[in-house]
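Engineer: Below you will find the structure I want to go over with you.
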Amino acid sequence: MIEGYSFGRITIQGRAYTDDVLICREKLVYPWWRQRGHAVTVKDLDAILDQEPEILILGQGQPGQMKATQELQVHLQELGIELIQVPTQEAVERFNRHVEQGDQICGGFHLTC
């Protein structure tokens, strides 16, 4: 569960992070850097796709700058993984709801723009 989010800061299990993070079950990747900044590619998610999530949620930042590339969208569709891309505050809320429901969800959270 994610305990809190504000611009530039996310709190997970009592620890505050100030760089982007990837979360998948018990796995946390911090800091999470992408090869092409605001464009999320397949390679950017190598650390979690082996966890075989049913859902991948991308927190796009507060105004929603970060987005999955077309290549990533096709790849996820081929794997049968639902992609949700929304601003980070909404992504945190949706991520937590899915965790509470027991869904196999992973998330990538951009904390700023």
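Engineer: Given the condition among the hydroxyl-bearing types (Ser, Thr, Tyr), under 21 Å from residue 89 (Cα atoms) and either out of contact with any Pro (no Cβ under 7 Å at 6 or more places or on another chain) or open to solvent by less than 20 Å² (accessible area, probe 1.4 Å) (or both), answer yes or no: does some residue in region 29-52 qualify? Before you say what the answer is, go through the steps one by one.
Structural biologist: Taking region 29-52 as the starting set, the residues that turn out to be among the hydroxyl-bearing types (Ser, Thr, Tyr) are 30, 41.
Add one more test, that the residue is under 21 Å from residue 89 (Cα atoms), and what stays is 30.
Right, trim to either out of contact with any Pro (no Cβ under 7 Å at 6 or more places or on another chain) or open to solvent by less than 20 Å² (accessible area, probe 1.4 Å) (or both) and you get 30.
The answer is yes; a qualifying residue exists.
Engineer: Okay, moving on. Just name the residue that is least open to solvent (accessible area, probe 1.4 Å) out of those in region 17-28 that are part of a loop (DSSP other than H, G, I, E, B) and in contact with a Leu (Cβ under 8 Å, 6 or more places away or on another chain).
Structural biologist: Within region 17-28, the match that is least open to solvent (accessible area, probe 1.4 Å) is 20.
Engineer: Please verify whether region 87-110 includes one or more residues that are aliphatic (A, V, I, L, M), closer than 17 Å to residue 5 by Cα and not in a helix (DSSP H, G or I).
Structural biologist: No: zero hits.
Residue by residue, here is whether (1) free of Cβ contacts under 8 Å to residues at least 40 places away in the same chain; (2) of a type in the set (Val, Ile, Thr); (3) touching a helix residue (DSSP H, G or I) at 6+ places or on another chain (Cβ under 6 Å) holds:
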| residue | (1), (2), (3) |
| --- | --- |
| 32 | no, no, no |
| 79 | yes, no, no |
| 86 | yes, yes, no |
| 104 | no, no, no |
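The values are calculated or read from the model by the stated rules, or taken from the named source; none is laboratory data. Please read all numbers here as calculations on a predicted model, not as lab measurements. Every residue, glycine as well, gets a Cβ built from its backbone with ideal geometry; the counts of neighbours run over all protein chains shown. Note: accessible area is taken over every heavy atom of the protein model, side chains too, but ligands, DNA and RNA are not part of it. Shrake-Rupley method; radii C 1.70, N 1.55, O 1.52, S 1.80 Å.
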